[in-house]
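Colleague: The structure follows.
The values are calculated or read from the model by the stated rules, or taken from the named source; none is laboratory data. What you are looking at is a predicted structure, and each value in this text was computed from that prediction instead of being measured. Ideal geometry is used to build each Cβ from the backbone, glycine not excepted, and the neighbour counts take in all protein chains shown. What goes into the accessible areas is simple: the full protein's heavy atoms, side chains included, and nothing from ligands, DNA or RNA. Shrake-Rupley method; radii C 1.70, N 1.55, O 1.52, S 1.80 Å.
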Amino acid sequence: MLFSNVAAHLKLDFVGKDLEIDSMNELSLSLPSQLAFALHKKYSCELKSSKAKAFLITSSLIEHLPEDSSYIVSEDVSISMAEATKLFHKSPIESNLPEAVIGKECYIDAMAKIESGVVIGSNVTIMAGAYIGTNVVIKDNTLIYPNVTIYRDTMIGSGCIIHAGSVIGADGFGFSHTKEGKHIKIYQNGNVIIEDDVEIGANCAIDRAIFNSTIIRRGTKLDNFIHIAHNCDIGENSIFVAQTGVGGSTKLGHNCVVSGQSAFSDHLSIAPFSTFTARSGVTKSITDSGGVYSGFPLMNHRDWKRLQIRIAKLDQ
Amino acid sequence: MLFSNVAAHLKLDFVGKDLEIDSMNELSLSLPSQLAFALHKKYSCELKSSKAKAFLITSSLIEHLPEDSSYIVSEDVSISMAEATKLFHKSPIESNLPEAVIGKECYIDAMAKIESGVVIGSNVTIMAGAYIGTNVVIKDNTLIYPNVTIYRDTMIGSGCIIHAGSVIGADGFGFSHTKEGKHIKIYQNGNVIIEDDVEIGANCAIDRAIFNSTIIRRGTKLDNFIHIAHNCDIGENSIFVAQTGVGGSTKLGHNCVVSGQSAFSDHLSIAPFSTFTARSGVTKSITDSGGVYSGFPLMNHRDWKRLQIRIAKLDQ
Amino acid sequence: MLFSNVAAHLKLDFVGKDLEIDSMNELSLSLPSQLAFALHKKYSCELKSSKAKAFLITSSLIEHLPEDSSYIVSEDVSISMAEATKLFHKSPIESNLPEAVIGKECYIDAMAKIESGVVIGSNVTIMAGAYIGTNVVIKDNTLIYPNVTIYRDTMIGSGCIIHAGSVIGADGFGFSHTKEGKHIKIYQNGNVIIEDDVEIGANCAIDRAIFNSTIIRRGTKLDNFIHIAHNCDIGENSIFVAQTGVGGSTKLGHNCVVSGQSAFSDHLSIAPFSTFTARSGVTKSITDSGGVYSGFPLMNHRDWKRLQIRIAKLDQ
């Protein structure tokens, strides 16, 4: 799509050369073919070093643009960005793609729906009522139980097990807010990548990324009702017990253990080998690996246990 | 149905004129064609002003009935009411209704199930594995992802998005309890109304009303795993982050923001523009708009933050 | 399967007579035809009185084996046990069984999937998108809503209602952990038994047992999003409000009432008529019946209420 078309869609002017744009991305990850955006002055440094050539920015950032940039200035970059994501959004179903390619010795139930563009490895089982969206890739020996929904463009490794009712790749929860209190959808144009040997319990939900990918890394095991928001990166060989939720863009290192009903805020970074006891509420990043944590607000597990005894004594 | 038939079903006598009854309702909302019920003496004032003409009541309320009322007296109104709801309950599927009417430029997957009596607007997408129950109405431009279940009589507005695995219109959780500790089902004879521009995440559950409607108002956005119980009324342009639950009959004003893993008791009324931080536990109504709240028991967010610091100091 | 084949699969030696083994079980419940296992020295007493004749044990337990036992010694019984469960695991689908037997006056939607070996009673309704796995038994008058998934070997009583999106019989969450931090699946070879008159809300998940059965007893009612882990035994006429989770092998007595967002640790035993207020976190067994509890850590409800007042006063 031409940059001039983006500007026309946003009903804004563009400055600089017209360029072919293939997608959008956040500032630090943008490629030369992508439209980058910056909402606040605090992004001036990132802006200078961005590889992007086309930008959607607030006027105070014009002076910080790399040389020869093309740009659109918006008084409300957040709303303009949301509107722009719609331009790059793919339809939930695409029908003009090649028919699905299915490997050897697969069992694909006649009541499963396989959209076009799908590539399935060998010895894969897809049970009745499962939905495999456009362009999904599923590698060897993976087992998809009934009524699982896998949205388009998801990539699933080999040796995975996905239990019934789980939803992989639904839209992340992202909106820009107007002054009148309405919520404008930020279309979620990324995908989900599930690496090898991941097991996902019943009725989980792993959201697709805004841009780029939500990732569940090799060997990680999720119990039932796990919520993984958009753009999370869950490290290898981690364990999530039931009813736990992880906020957007949070990254966990490998071999974390998260007990039931725990929750993580968004944009955190958690060190490897961290353990969280039941109902932990994690709102800050953790840099040292190997810790054991409890409570909300979160604290060292031993401190939390001692504190509970002190609290109980208040009533004496 | 004749009021005399209701009495016969309950194995109780009726007093007064026999009347045609088309449904049941709670006292304050009953129409003249509806059977109203009152369990406790405290309802005597509501009883006097009720528009209903047929009542199921405890004997102590006879003297408070409007003139010319027909009534059934029960020693256990709660159980009798539950038994009566069964009489007015519609079968989950009805087959003698007209075939579904589908608007222009819709995509209805051959693996979606559309029951009879359904009315679908134009440019609606219904993906594989979705279930659209008897008499459901879906307006223009709405997108239903795979394996969504929409129970009978649900009404869905235009421009809505419902993500995979969500269930709209399942029975609310209502039972009357016998002295022997058994639970008698209160059939949920109401429906769900989703207004325009609502987005519902993956694996949500919005229950149908006992009587009347559970309502999600225009522009509201739900993340994944949101539980909305029967007879809730969720105001316009509200935001619910993942794994939050709302108890029965609770009403939220417009533009509320509810962070993840929060919960509301039943029968609350929450002022507009209220904000709840993560894991709030709301057990009382809120009358002033614009507040920010935290914790369980719930308190002002600033107080909660300060209190957490005090609590942490207990262990010093 | 011959015991010698189990040993070969585990690449370990066996001692004693070769025996025909039909399945595995935990020590205290093992039958003579089952392979029992014991990880720690603390099981020496249980070992002595076990009815099993074939054992997988750590070397320190050899001296405590019953006479004439056959056994395999493993340096890591936990890993060997997980590997052995794979041998006794049944495929998710079995196609060489007799066609399903359906009783009188059933409604089975053409878009429901009924695997072979299924036995369905009379007057059963199975709606579109429901999945009924191999060898499932469903008794009279039960209603299965759309997009429910019932895994193989599940047994469901009469008069049950299972709402849309619920998953009965998915694998329990069980893994053995290698020294390198990998998780080896313990195949879940048991099943789920739902007794008569149970109602299960939307999007619940009730996991199958490792060995033996997860049981939901007669008359119990579950709201939406209830998580019941493997090997739980939920007593008669209990009530679970939304978003509650129960850890593995926990047993609740009859007529318990569990309010929303509560959770139970694994391996607890809870006395009948126990009541838990919203968001209770239960980590210890309860022996006295009829109590009312709150909080996390859990305490007597009255104490909890008084303690909350004390805590609030800290900030004065």
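Colleague: For a quick protection proxy, order the peptides A:201-209, A:281-289 by their average other-Cβ count within 10 Å, most packed first. Please report the intermediate quantities before stating the final value.
Modeller: Working: A:201-209: 29.6, A:281-289: 15.1.
Packing proxy ranking, top to bottom: A:201-209, A:281-289.
Colleague: Using the crude model of +1 on Lys and Arg Cβ and -1 on Asp and Glu Cβ, and no other charge, please compute the dipole size for the protein assembly as shown relative to its Cα centre, in debye to 20.
Modeller: Details: 84 positive and 99 negative charges, 579 e Å.
Using only the charged Cβ atoms, the result is roughly 2780 debye.
Colleague: Per residue, how much accessible area does the stretch B:3-87 have with a 1.4 Å probe, in Å²? Walk me through the numbers before you get to the answer.
Modeller: On the way: 4400 Å² over 85 residues.
Here the per-residue accessible area is 52 Å².
Colleague: Next question. With Cβ to Cβ distances under 14 Å as the rule, what net charge do the other residues near residue B:217 carry (K, R +1; D, E -1)? Mind dumping the intermediate values first?
Modeller: Details: positive: A:182, B:218, B:221, B:251; negative: B:195, B:196, B:197, B:199, B:233, B:236.
Taking every Cβ under 14 Å from that of residue B:217, the sum is -2.
Colleague: Another question about this same structure. Where only protein heavy atoms count, and the probe is 1.4 Å, what is the accessible area per residue for the stretch C:101-305 in Å²?
Modeller: Details: 6400 Å² over 205 residues.
For the stretch C:101-305, the solvent-accessible area averages 31 Å² per residue.
Colleague: Another one. With an 8 Å cut-off on Cα pairs and a minimum separation of 6 or more residues, tell me the relative contact order of the stretch B:101-304 in percent.
Modeller: Worked out over the stretch B:101-304, it gives 10 percent.
Colleague: Can you list the lysines whose alpha carbon is less than 25 Å from that of residue C:305, not counting same-chain residues fewer than 8 positions off?
Modeller: Partners found: A:305, A:313, B:284, B:305, B:313, C:284, C:313.
Colleague: May I ask you to find the residues of the stretch A:151-190 that are shielded by at least 30 Å² of accessible area once the whole protein assembly is considered instead of their isolated chain (probe 1.4 Å)?
Modeller: Output list: A:151, A:163, A:164, A:167, A:171, A:173, A:175, A:181, A:183, A:185.
Colleague: Moving on to the next point. Rounded to a whole number, what % of the accessible area of the stretch B:3-87 do carbon and sulfur atoms account for, probe 1.4 Å?
Modeller: Working: 2190 of 4400 Å².
Percent of accessible area from carbon and sulfur atoms in the stretch B:3-87: 50.
Colleague: Follow-up. Would you list, by chain and number, the lysines whose Cα falls below 25 Å from the Cα of residue B:179, excluding same-chain residues fewer than 8 positions away?
Modeller: Straight-distance partners of residue B:179: B:11, B:41, B:42, B:86, C:221, C:251.
Colleague: Further question on the same structure: Sort all Cα-Cα distances of the stretch A:126-193 into consecutive 5 angstrom bins from zero, then give the percent of pairs in each bin up to the one containing the longest distance.
Modeller: 4, 17, 22, 21, 10, 9, 7, 5, 3, 1, 0
Colleague: What part of the accessible area of the stretch C:211-316, given as a whole %, is carbon or sulfur when the probe is 1.4 angstrom?
Modeller: Details: 2050 of 4060 Å².
In the stretch C:211-316, the share of accessible area belonging to carbon and sulfur is 50 percent.
Colleague: Place +1 on the Cβ of every Lys and Arg and -1 on the Cβ of every Asp and Glu in chain C, take the dipole about the Cα centre, and give the residue among C:123, C:201, C:276 whose Cα lies farthest towards its positive end.
Modeller: Working it through, the farthest residue towards the positive pole turns out to be C:276.
Colleague: Estimate for me the total accessible surface buried between chains A and B (protein heavy atoms, probe 1.4 Å, no ligands or nucleic acids), in Å² to the nearest 100. Spell out each step's value before the answer.
Modeller: Values: alone 15850 and 15890 Å², together 28500 Å².
Buried area between the two chains comes out at roughly 3200 Å².
Colleague: With charges set only on the Cβ (+1 for Lys and Arg, -1 for Asp and Glu), what does the dipole of chain B come to about its Cα centre, in debye to the nearest 20? Spell out each step's value before the answer.
Modeller: Working: 28 positive and 33 negative charges, 218 e Å.
Dipole about the Cα centre, nearest 20: 1040 debye.
Colleague: Another one. Read phi for every residue in the stretch C:212-227 and hand back ³J(HN,Hα) as whole Hz from Karplus 6.51 cos²θ - 1.76 cosθ + 1.60, θ = phi - 60°, with x for Gly and Pro.
Modeller: These are the phi-based 3J(HN,Hα) values: 6, 9, 7, 10, 10, 8, 3, x, 7, 10, 10, 6, 6, 6, 8, 10 Hz.
Colleague: Which trypsin sites (Lys or Arg not before Pro) in the stretch C:1-47 pass both tests, a DSSP loop state and at most 15 other beta-carbon atoms within 10 Å? The partial results should precede the final answer.
Modeller: On the way: sites: C:11, C:17, C:41, C:42; in loops: C:11, C:17.
In loop regions of the stretch C:1-47 (DSSP not H, G, I, E or B), the sparsely surrounded trypsin sites (Lys or Arg not before Pro) are C:11, C:17.
Colleague: Springs between alpha-carbon atoms under 10 Å, Gaussian network over chain B: tell me which of B:221, B:104, B:251 tops the mean-square fluctuations.
Modeller: Result for chain B, Cα springs under 10 Å: B:104 fluctuates most.
Colleague: Accessible area drop of at least 30 Å² (1.4 Å probe, protein heavy atoms): which residues of the stretch B:210-238 qualify, relative to the chain alone?
Modeller: Listed by number, the residues meeting the 30 Å² cut-off are B:221, B:223, B:224, B:225, B:227, B:237.
Colleague: In the stretch C:159-218, which GluC sites (Glu not before Pro) fall in coil by DSSP and have 11 or fewer other Cβ atoms within 10 Å? Let's see the in-between values first.
Modeller: On the way: sites: C:180, C:195, C:199; in loops: C:180, C:195.
Answer in residue order: C:180.
Colleague: Would you please state the base-10 log of I(q)/I(0) at q = 0.05, 0.06 1/Å for the protein assembly as shown, with intensities from the Debye formula using one equal scatterer on every alpha carbon?
Modeller: With no solvent term, the Cα-only Debye profile gives -0.30, -0.44.
Colleague: Can you compute 3J(HN,Hα) from phi for each residue in the stretch B:299-316, using the Karplus curve 6.51 cos²θ - 1.76 cosθ + 1.60 with θ = phi - 60°, rounded to whole Hz and x for Gly and Pro?
Modeller: Taking θ as phi minus 60°, the curve returns 8, 3, 4, 5, 4, 4, 4, 5, 5, 4, 5, 4, 4, 4, 6, 4, 9, 10 Hz for the stretch B:299-316.
Colleague: Further question on the same structure: How large is the dipole of the stretch B:3-87 about the Cα centre if only Lys and Arg carry +1 and Asp and Glu carry -1, each at its Cβ, rounded to the nearest 20 debye? Numbers along the way, then the final one.
Modeller: On the way: 8 positive and 12 negative charges, 31 e Å.
So the magnitude is around 140 debye.
Colleague: At a 1.4 Å probe, which residues in the stretch C:58-104 are at least 40 Å² less accessible with all protein chains present than in their chain isolated?
Modeller: SASA drop of 40 Å² or more in the stretch C:58-104: C:92, C:93.
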